[in-house]
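These notes are about the structure you will find just below.
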Amino acid sequence: MKSLLNKVLVFVIVASIAISVFSCVAFANPDEGEVQDTATDVTTETGTTEDENDAEAGKLEAKAFSSDVKSDFDYKAYVKSIKDTAAPDVSIKLEAKDAVEFDPNTGEVIENVFILNRFSEHLPDSGRDGALFYEDGICGWVFDVEQSGWYNITFSYLLYDGKIEYVRKGETEYSADKSSAAQRRVYIDYKVPFYDARQVNFERVWKDSSVLKLDPQTNNEKRPYQNSTEQWYTVPLRDYMGYESEPFKFYFEKGQHVLAFEAIKEGMIVEYAELHQIEDAKPYSEVKAEYEKNNYKKVDGNVALYVQAEGLHAPEAYTEKQISFSDADAYNSYIDPVDETAYDATKDPTFNILKSSPTLYAITDRSSPSTVPYHHSKIRYNTIGADKWQAPNDWIEWTVEVEEAGLYAISFKARQNTLSGLSTTRRLSVNGEVPCQEVDNLTFEYGNSFKMYTPHTADGETILFYFNAGKNTIRLESTLGDMGEFLAKAENSLSQLNYAYRRILMITGASPDLNKSYMLNTMVPDALEILKTEYANLSALEVEFTEKYGKEISAQLSSLKSMILLLERMNEDHTQVPTLFTNFKDSIAAMGTWINDMSQNPLELDYIVIASEDTISGNTMPNPDANFFAKMIHEIRSFIASFTEDYDNIGGTVAQDGQEPVIVWLETGAGLTGSRDNATILKQLIDDMFSSQINENLNEQIIVSTRLVAGGSLLPSVLAGIGPEICLSRGAVDAVNYAFRGAVMNLADDELFPDWKEVLANRERYAASAVEPFTFGNGIYAVPETQDFFMTFYRTDILEELGLEPPETWDEVYNIIGHLQNQQMTFAMPVPVVGAVGSGNNTFATLLYQKGGQYYLEDRSSTDLNSDAALDAFKEWTEFYTLYNLPNTYDFANRFRTGEVPVGIASYSQYSQLAVFAPEIQGLWEFSLVPGTIQRDDNENIIYDENGDPVVDHSCASTTSGCVMLAMDSSTEAGRKRIARAWEFMKWWTGEDAQYRFGTEIESLLGAAARYQTANLQAMARLPWDKTSMTMIQEQWKYSKAIPQVPGGYYTARNIEFAWKEVINNAGADPNTTFVEYVSKIDREIDRKREEFKHKIEQMTGKAVE
Amino acid sequence: MANSEAKAKNKAFFKDWLKYQFKEMRKNGSLYLFMLPYLIVFATFTILPVIVAMYFSFTYFNVLEPPQWTGFDNYVRLFTADDLFMTAFKNTLFFAVVIGPGGYLMSLFFAWLINELGRRTRAVMTLFYYAPSLASVYPVWKIIFSSDQYGLLNGFLMNTGITLTNIKWLENVDYIVPCCLIVILWSSLGTSFLTFIAGLQNVDRTLYEAGAIDGVKNRWQELWYITLPYMKPQLMFGAVMSISGAFSVGGAITSLVGYPSQDYVAHTLIHHLEDYANQRMELGYACAIAVLLFLLQIVANKVIAKMLSKVGE
């Protein structure tokens, strides 16, 4: 039987090779399509190894793109799976003009991709034609390969900045950039070749917006913004996780192929893709021989060029001792791009430092007086990198100008003080190439202070680099080096262990009964087998680690070690598995975090020296570290300065011509914006976008003073009459409560704020639900800043495994809960958190709104929670816990990560959390609308829309924060002027531009986890969300509804939660009676408060209070 | 006539008394000078606020608008219309009765125990016992009492098979108060504990010898008749600290079970006060609660002082 099968197989292969020759002809001559048909017939008839044969069958048949690829079929496995090792030394260039768009479902070519010429006179390197790979859909090439073998693929691309216009399928479309890296999924011949190719990243190129200027008032340096620049950039396709330090190789049989890229994020302009061989760097000995052959000479004497790694400083920023480091000419040559006429991008010195990520901005190091430039108390942005420069593949590139061509030595003043016992690696390239093997993995050891690192060979010989006369580039790129391989192995083990965990979980549940025998050896022998193999793998890994890095690394390995110990115990006796199951889960989480930590690769740079060999090895180099006395003096001076330096005053604004500044407060810990970093960004935005310009409406400059104050300062300061004009980031409860006491301005006032409707009633700017919580009666008391609401998160991999669809309605949720619980997994809904009252309230509100209920009566004189809808909603809410046994305390991110909760509802901010902190499940989850309720008419018939689909209400509750204007006297001219100025500020700050800029700045400062949840719809549309996620968010946003505020409203959230806890904690409690009882308490409090504020409420609503 | 005479006499007496006081003060001027810094601070930050709070307790004051005089309204409402106040009052008394004497006796007991140890061990043990009141230790207890199955206590109970599901220690009304009591008692070995140790060190050794000669039969008698009477000042100080601590229990509960606790089972006067001051912004009413709490503590102190005078009798 077997031999027969073999024969058939051989026949098929022989036949298909033969036919492939024919089909090449057939491709050239479409009339002979018959031959090709036979080829496919043969393969399908035998039904064996279809895919492999397809590739060999010459002309490819179009089919649907499939992203199915097993997680264990990684790059290593892919390389192993193909025996051939040929690497043909040919180059196949796929040009922009040949690029096409594919239909994802059929694989057919739709049309050629739009060709764009992105040219800007301000950009040094633009004006080349490129194919526009759209921000959605699949684009790529159909091409022929002449010689079978392995190829690297290099990509030349540009990420556009701003809005572009293009024609697609006969229609003109527009697209704006999202200022993030582009992400693509790679398809070869309609499928993803291996697991790691599911996502490749194409970085955007960033630079500082200006040189590092001094603020004349505070003598602090101002941090420039990070601007993305449109630069053509050529990179090989490679592992974005950085585990694989070499570029990917792809195997192509001779014949026709499809190379396609599915957009995950961002549109990009592609000049070409090239299939070729990337040469490995040669060892230095060979390179040296070449130098001699080319007659390259060492530069002699005292040539030494100091390059500040972070940017150009004003000469005044340096101390007298360090002034020799300053490059005053270059600094003075800088012209602000705003000054269009004189600006010339080719001469702009800020282009001399390019970087792959906006988080790579200049930072302050005040730990040593020898950091250049230095000041003991003022801010000098004197270094770059550190923990901002730790993601694999992040690079910084410096352009340096040398006068004379020749061989130079390079030395870096650098520090790695984060990972003790470990070294950090960087790849050094000069003028776009890695000059020799030795600098492919440049290591920087752990140490507390800055040191000079000069690349040298293993024998200690200083490596020299050839520089042309004029401009040269030096690039340092973060690589994992050897660590990558280890981590790839660990990651692999982890995903196996995770799978085993889920297999066992399906039998035992999250907390196994210890008195029960689960017969794991018969139920899930495969899982137990995994535990055994991974034990062996991890033990081997630990040994390798220790051999490689020595004993010092041992402290870094504790997570790995405890996992090994645990596996050992579980392997000894499988009946112990249930006992250790909780440990197992914790260890998996710990190991995930560990891998994440270990792949961080921080390095901090102060400056770079490019000099003759003699200078670098001589003793004229500045000492990278200060001596004991210098340090002591530094510490004493900083200490003394700490008494006079006002660290809280972010503004430092001086009133001009007697104009009082608008005082803006930001309470620490308030909402999303209350931290020093955020306050600094805010201040910078104000300086650049607001205060520096003449305000059009008031025809004057408005000076703003920003202050970061301690949490809870607002109330006492208002009481004492020393409050600010504007306070940012207040919750809805605050705004309305202050309003009842006449402490904040009503912004819906036609007289004082004639244009308030353009801001607050503008549905293109804010959803109604954003403004609603700040509204009471006829007044609106704050302008929304941020808004948050729920989305449903689900694990695509697990749902697929179980054959389930993400739920769209609550009925489907009930269905899914059953399926999940059969497998010992569960569904999760946000629950009240101990110590944070009101957190569970949104869950109730979501159910309530979908049932058509409301919190309060129209006139807000009392709750409307005695309605049927409310009782139903409450009952349903509690039944999730009493009947369906959903978890009532849990950590969403962790359980989602392990797969224990594969579907759950959570705040949409979880998206960025998961994206950053759970990289191992990247691409395995998505989010969609919260489950909805199918709408029925009075006769219980389902209502259908015009397409024949049932109408589903996805309403959910939202939470908003906003900025308030404190009450001011409007009876005098001066008072009205003050109010007008404050209002102009509020409009600007909550406007599209400021919110967008704030969002992007904050993200570049703190990373993607800090994505800003602006309430401004227009600004939101510009934040770096990918298209599908954005569509989902916007869709959900339309359904979002607010919880209105009433006097005594704090009592509502509290008592609804009490009622919920009462029911789920006491088996005997009846939901209906319990709820009614607590609602009556709420009503009593509201009555009491209405009585207290009777007069004010009458004034606010224009109606009498009974 | 006799009346006015008596008045005049009184006046004269008062005058003399004042004169005498001034004379005494001038004589000890330097002493008063030394006390001055403390007196100023004490007056500004303790006496003045108490007086201001008393004034506010007779007003309606919503923090942001000027207070309005309302007489005894707040007090009337407190006792007649506020059912939560009674819960809070009851809880506070309960906590005070358990934690005040409990913590006090515990401090004394442990101090006495530790005092028996050698010098080095004593220093180490003192640190161990005193440490909890130095740092905020509640997060540790939150891990122990964590509601999910990964909480230490839940994990232990479930691993040993005592319970099958997780118990929501800090959310279930049946467990909240006991949990709080354990934690607060544990961390109540504070200042009074230290003073007791100091007091015990101070006892004159010769007295024990004399006691033995005079017929002290056992350690209990030694403690009751010699040690305790000798350290009465420390006992008094400890008692004052315990009482004020016991009545103003609040922070610990908030950090354990959140605020407000489920169904107000652990709602104390401090919580009630904060609720009105911060959440409902009714500062006048909150001041009324504060004044009551203040009176309560004074009464309790008087009682304790009476009881302490019986020590050694």
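The values are calculated or read from the model by the stated rules, or taken from the named source; none is laboratory data. These numbers were taken from a predicted model, which means no experiment stands behind them. Here the Cβ is made from the backbone with ideal geometry for all residues, glycine too, and neighbour counts use every protein chain on show.
From the list B:G284, B:G245, B:G238, B:G211, the lone residue that is in contact with a strand residue (DSSP E or B) (Cβ under 6 Å, 6 or more places away or on another chain) and either within 14 Å of another protein chain (Cβ to nearest Cβ) or in a helix (DSSP H, G or I) (or both) is B:G284.
When the stretch A:769-788 is filtered for residues that are of a type in the set (G, A, S), in contact with a strand residue (DSSP E or B) (Cβ under 6 Å, 6 or more places away or on another chain) and either surrounded by fewer than 20 Cβ atoms within 10 Å (Cβ to Cβ) or assigned to a helix (DSSP H, G or I) (or both), the ones remaining, listed by number, are A:S769, A:A770.
When you look at A:V287, is it part of a strand (DSSP E or B), closer than 22 Å to A:L428 by Cα and either in contact with a Cys (Cβ under 9 Å, 6 or more places away or on another chain) or at pLDDT 85 or above (or both), yes or no? Spelling it out, it is not the case that A:V287 is part of a strand (DSSP E or B), closer than 22 Å to A:L428 by Cα and either in contact with a Cys (Cβ under 9 Å, 6 or more places away or on another chain) or at pLDDT 85 or above (or both). Residues considered: A:T1028, A:T1000, A:T1052. Of these, the only one that is assigned to a helix (DSSP H, G or I) and surrounded by fewer than 21 Cβ atoms within 10 Å (Cβ to Cβ) is A:T1028. Is it the case that the stretch B:283-303 has a residue that's surrounded by fewer than 21 Cβ atoms within 10 Å (Cβ to Cβ) and of a type in the set (S, T, Y)? There is no residue in the stretch B:283-303 that is surrounded by fewer than 21 Cβ atoms within 10 Å (Cβ to Cβ) and of a type in the set (S, T, Y). The residue of the stretch A:1064-1085 that is nearest to the chain's Cα centre (by Cα), among those that are within 12 Å of chain B (Cβ to nearest Cβ) and buried (at least 16 other Cβ atoms within 10 Å of the Cβ), is A:I1064. So is A:K516 surrounded by fewer than 21 Cβ atoms within 10 Å (Cβ to Cβ) and under 18 Å from A:S599 (Cβ atoms) or not? No, not satisfied. Considering A:Y501, A:Y453, A:Y446, the condition of being modelled with pLDDT of 85 or more, under 30 Å from A:L580 (Cβ atoms) and within 33 Å of the chain's Cα centre (by Cα) is satisfied by A:Y501 alone. The number of residues in the stretch A:878-937 being assigned to a helix (DSSP H, G or I) and either farther than 26 Å from A:A1059 by Cα or charged (D, E, K, R) (or both) comes to 18. On the basis of being over 15 Å from A:W925 (Cβ atoms) and either surrounded by fewer than 16 Cβ atoms within 10 Å (Cβ to Cβ) or modelled with pLDDT of 85 or more (or both), does A:G838 make the cut? Considered against the rule, which asks whether it is over 15 Å from A:W925 (Cβ atoms) and either surrounded by fewer than 16 Cβ atoms within 10 Å (Cβ to Cβ) or modelled with pLDDT of 85 or more (or both), A:G838 comes out as no.
Pick out, from the stretch A:171-275, the strands (runs of 3 or more DSSP E) lying fully within it that include 3 or more residues that are out of contact with any helix residue (DSSP H, G or I) (no Cβ under 9 Å at 6 or more places or on another chain), buried (at least 20 other Cβ atoms within 10 Å of the Cβ) and hydrophobic (A, V, I, L, M, F, W, C). Where strands (runs of 3 or more DSSP E) fall fully within the stretch A:171-275 and carry at least 3 residues being out of contact with any helix residue (DSSP H, G or I) (no Cβ under 9 Å at 6 or more places or on another chain), buried (at least 20 other Cβ atoms within 10 Å of the Cβ) and hydrophobic (A, V, I, L, M, F, W, C), they are A:255-265. Within the stretch A:314-325, one or more residues are assigned to a helix (DSSP H, G or I), buried (at least 22 other Cβ atoms within 10 Å of the Cβ) and at pLDDT 80 or above. Could we say that A:R415 is over 20 Å from A:Y240 (Cα atoms) and buried (at least 21 other Cβ atoms within 10 Å of the Cβ) here? So A:R415 fits the description; yes.
Name the residue that is surrounded by the most Cβ atoms within 10 Å (Cβ to Cβ), counting only residues in the stretch B:259-274 that are modelled with pLDDT of 85 or more and within 14 Å of chain A (Cβ to nearest Cβ). Spell out the reasoning first.
Kept after step one, since they are modelled with pLDDT of 85 or more, are these residues of the stretch B:259-274: B:266-274.
Narrowing the set further to residues that are within 14 Å of chain A (Cβ to nearest Cβ) leaves B:266-267, B:271-272, B:274.
On the way: B:A266: 30, B:H267: 24, B:H271: 24, B:H272: 26, B:E274: 18.
Result: B:A266.
Please find, within the stretch A:797-818, the residue that is farthest from A:M506 (Cα to Cα) out of those that are touching a Pro at 6+ places or on another chain (Cβ under 6 Å) and outside any helix (DSSP H, G or I). Ranking the qualifying residues of the stretch A:797-818, first place goes to A:T809.
The number of residues in the stretch A:716-768 being assigned to a loop (DSSP other than H, G, I, E, B) and away from chain B (no Cβ under 14 Å) comes to 19.
When you go through A:T546, A:T575 one by one, which is the residue that is part of a helix (DSSP H, G or I), of a type outside the set (D, E, K, R) and over 34 Å from the mean Cα position of the chain (by Cα)?
Working: A:T546 fails: over 34 Å from the mean Cα position of the chain (by Cα).
Going through A:T546, A:T575 in turn, just one is part of a helix (DSSP H, G or I), of a type outside the set (D, E, K, R) and over 34 Å from the mean Cα position of the chain (by Cα): A:T575.
Among the residues making up the stretch B:98-120, those that are free of Cβ contacts under 8 Å to residues at least 40 places away in the same chain and part of a helix (DSSP H, G or I) are B:L105, B:F109, B:L113, B:R119, B:R120.
Sub-7 Å Cβ pairs linking a first residue in the stretch A:983-1010 that is more than 16 Å from A:P784 (Cβ to Cβ) to a second residue that is buried (at least 18 other Cβ atoms within 10 Å of the Cβ) and among the acidic types (D, E), at least 6 apart or interchain, are A:A1010/A:E1003, ordered by first then second residue. Look at B:K217 and say whether it is more than 27 Å from the chain's Cα centre (by Cα), more than 14 Å from chain A (Cβ to nearest Cβ) and not in a helix (DSSP H, G or I). Against the criterion (more than 27 Å from the chain's Cα centre (by Cα), more than 14 Å from chain A (Cβ to nearest Cβ) and not in a helix (DSSP H, G or I)), B:K217 qualifies.
B:I167 fulfils the conditions (1) crowded, with 18+ Cβ neighbours inside 10 Å; (2) within 23 Å of B:G251 (Cβ to Cβ); (3) within 14 Å of another protein chain (Cβ to nearest Cβ) except for a single criterion, (2).
Residue by residue through the stretch A:716-734, note down the ones that are within 36 Å of the chain's Cα centre (by Cα) and surrounded by 17 or more Cβ atoms within 10 Å (Cβ to Cβ). First the steps, then the outcome.
Initially, the stretch A:716-734 is screened for residues within 36 Å of the chain's Cα centre (by Cα), giving A:724-734.
Hits for the stretch A:716-734 are A:P724, A:E725, A:I726, A:C727, A:L728, A:S729, A:R730, A:G731, A:A732, A:D734.
Restricting attention to the stretch A:116-135, the residues that are of a type in the set (A, V, I, L, M) and modelled with pLDDT of 85 or more total 2. Within the stretch A:638-666, the set of residues being modelled with pLDDT of 80 or more and part of a strand (DSSP E or B) comprises A:V662, A:I663, A:V664, A:W665, A:L666.
Picking from B:S147, B:S188, B:S192, which residue would you name as being within 22 Å of B:G250 (Cβ to Cβ) and within 13 Å of chain A (Cβ to nearest Cβ)?
Values: B:S188 fails: within 13 Å of chain A (Cβ to nearest Cβ); B:S192 fails: within 13 Å of chain A (Cβ to nearest Cβ).
After ruling out the rest, the residue left standing is B:S147.
If the condition is being of a type in the set (G, A, S) and more than 14 Å from chain B (Cβ to nearest Cβ), then the stretch A:541-600 contributes A:G550, A:S554, A:A555, A:S558, A:S559, A:S562, A:G592, A:S599. Just one of the numbered conditions (1) free of Cβ contacts under 8 Å to residues at least 24 places away in the same chain; (2) surrounded by 12 or more Cβ atoms within 10 Å (Cβ to Cβ); (3) away from chain A (no Cβ under 11 Å) is not true of B:W141; which one? All conditions are met except number (1).
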